[in-house]
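The values are calculated or read from the model by the stated rules, or taken from the named source; none is laboratory data. Small disclaimer: the values here were computed from a predicted structure and weren't measured. So basically every Cβ, Gly included, is an ideal-geometry build from the backbone, and we count neighbours across all protein chains shown.
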Amino acid sequence: MFDFAPKSIAVVLGTRPEIIKLSEIIKLLGDAALLIHTGQHYDPNLSGSFFDELSLPEPDVFLDVGGSSRGNQIGEATKRLDALFADHRPLAVVVQGDTNAVMAGALAANAREITLAHIEAGLRSHDRAMPEEHNRVVADHLADLCCAPTKTNVENLAAEGITGERVVLTGNTIVEAVLELLPPEADRMDLCSAHGVEPGRFVLSTFHRPENVDNPETYRAILEQLAGLDIPVLLPLHPRSVKRAQEHGLGDLLDQLTVTEPIGYRSFLGLEAESALLISDSGGVQEEASIVKRPLIVVRNSTERPEVIGTFAQRVLPGGDIADAAGRILADLDSVHEQLARLGSPYGDGSASRRSLEALAAR
């Protein structure tokens, strides 16, 4: 459908969420995709296995810049991408979201005057303490094409002078990823059984952001409140979050929860759909909650996804009263689930990937 030459569209990614959200774009590009992995997520559980799970080809290029500081990751990835683009100049560079890989891809494309498309443009937390905020702002201002998921994102871009043909309202590519990968009900029942939980009667929780896991008092408050809930809590933890808990002496609290290693994306979606409640600091989970129709408590100082606050999600500050918010939802759980089932997702109809590539092809 898209008349791009083989290996002519460089898709730069480095983390699990990028792999997920770019999966349909990569499939639609087919042979035209030059897939470049920066190595920001270098743990196989966080990245490598996802290519198999999503039926994607292995990356054409692996830059291996993971495991170092943010500045070094961005600098090294930019340097290596610049050299790559000098030897093999693509028609366009595609980046997604707000990671260090996005910053590096945007800088390298700009330096070589290559058309840059930013998928998931226009998100703003207005929180300069978040490294991701700087990454997405820079990418948007350098991009030739900003693919904005929602009208709110379009308005954010306009407020910064980014308008006109540079901006296209596309929806969010997470919708098609979830719709394609969500396991059928029978498989979801098996997933619950395998993790020792009853469908509709457990909390699924994840935490990884520094504002929650780097502060010992905040992390302790979160784990104590999760452990005190009158419902089982399944807690897949990022390796960094496990390490921080051990450093803070919080192992006794982890023992009161069902802690697992990161779960494959299909399985995680299945567990999300069968949970009673989600409690997380993940941006992706905020989006997914609106697709699988489950209530979410967002534990963060700020969020760049306000579209779900007040409907599918409510926000609690790090170390805040998670237990009180959870108790109110769990006390009227069936009614909450019924109300959310009738709401549409603010992130579109599942055609964001195709719309984004159509906009790129038009340029």
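Condition check ((1) of a type in the set (D, E, K, R); (2) within 27 Å of residue 54 (Cα to Cα); (3) in the same structural domain as residue 334 (by TED's automatic domain parsing)) across all residues:
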site	(1), (2), (3)
205	no, yes, yes
220	yes, no, yes
225	no, no, yes
237	no, yes, yes
240	yes, yes, yes
243	yes, no, yes
248	no, no, yes
255	yes, no, yes
258	no, yes, yes
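If you check 178, 213, 167 for being surrounded by 21 or more Cβ atoms within 10 Å (Cβ to Cβ), within 16 Å of residue 284 (Cβ to Cβ) and touching a helix residue (DSSP H, G or I) at 6+ places or on another chain (Cβ under 8 Å), only one passes: 178.
Criterion applied to 121, 111 was being without any contact (Cβ under 8 Å) to a residue 40 or more places away in the chain and in contact with a helix residue (DSSP H, G or I) (Cβ under 7 Å, 6 or more places away or on another chain), and the one residue passing it is 111. Residue 356 falls short on exactly one of the conditions (1) within 27 Å of residue 210 (Cα to Cα); (2) touching a residue at least 40 places away in the same chain (Cβ under 8 Å); (3) polar (S, T, N, Q); (4) assigned to a helix (DSSP H, G or I), and that condition is (1). Residue 89 meets all of the listed conditions (1) more than 20 Å from residue 287 (Cβ to Cβ); (2) outside any loop (DSSP other than H, G, I, E, B) but one, namely (2). Output yes when any residue across the range 290-299 is surrounded by fewer than 19 Cβ atoms within 10 Å (Cβ to Cβ) and in contact with a Phe, Trp or Tyr (Cβ under 7 Å, 6 or more places away or on another chain), and no when none is. Within the range 290-299, not a single residue is surrounded by fewer than 19 Cβ atoms within 10 Å (Cβ to Cβ) and in contact with a Phe, Trp or Tyr (Cβ under 7 Å, 6 or more places away or on another chain). On the stretch given as the range 283-341, residues that are part of a helix (DSSP H, G or I) and not hydroxyl-bearing (Ser, Thr, Tyr) total 30.
Tally time: how many residues in the range 79-98 are out of contact with any strand residue (DSSP E or B) (no Cβ under 8 Å at 6 or more places or on another chain) and touching a residue at least 12 places away in the same chain (Cβ under 8 Å)? Outline the logic, then answer.
The first filter runs over the range 79-98 and keeps only residues out of contact with any strand residue (DSSP E or B) (no Cβ under 8 Å at 6 or more places or on another chain), leaving 79-80, 82-83, 86-87, 89, 98.
When the remaining residues are screened for being touching a residue at least 12 places away in the same chain (Cβ under 8 Å), the result is 80, 82, 86, 89, 98.
Qualifying residue count for the region: 5.
The one condition from (1) surrounded by fewer than 16 Cβ atoms within 10 Å (Cβ to Cβ); (2) touching a residue at least 24 places away in the same chain (Cβ under 8 Å) that residue 160 does not meet is (2).
Of everything listed in (1) closer than 30 Å to residue 147 by Cβ; (2) at pLDDT 95 or above, the single unmet condition for residue 283 is (2). Among the residues making up the range 306-319, those that are farther than 14 Å from residue 209 by Cβ, surrounded by 15 or more Cβ atoms within 10 Å (Cβ to Cβ) and of a type outside the set (Val, Ile, Thr) are 306, 307, 312, 313, 314.
Being farther than 22 Å from residue 16 by Cα and of a type in the set (A, V, I, L, M, F, W, C) narrows it down to one of 129, 121, so name that one.
Values: 121 fails: farther than 22 Å from residue 16 by Cα.
Residue meeting the stated conditions: 129.
Counting only residues that are touching a Leu at 6+ places or on another chain (Cβ under 8 Å) and either crowded, with 20+ Cβ neighbours inside 10 Å or within 20 Å of residue 210 (Cα to Cα) (or both), the range 245-262 holds 8 of them. A single member of 133, 211, 180 is charged (D, E, K, R), in contact (Cβ under 8 Å) with a residue 60 or more places away in the chain and closer than 20 Å to residue 307 by Cα, and it is 133. The residues of the range 89-136 that are within 24 Å of residue 347 (Cα to Cα) and hydroxyl-bearing (Ser, Thr, Tyr), listed by number, are 99, 125. Listed conditions (1) closer than 23 Å to residue 239 by Cα; (2) part of a loop (DSSP other than H, G, I, E, B); (3) in contact with a His (Cβ under 9 Å, 6 or more places away or on another chain) are all met by residue 102, apart from (2).
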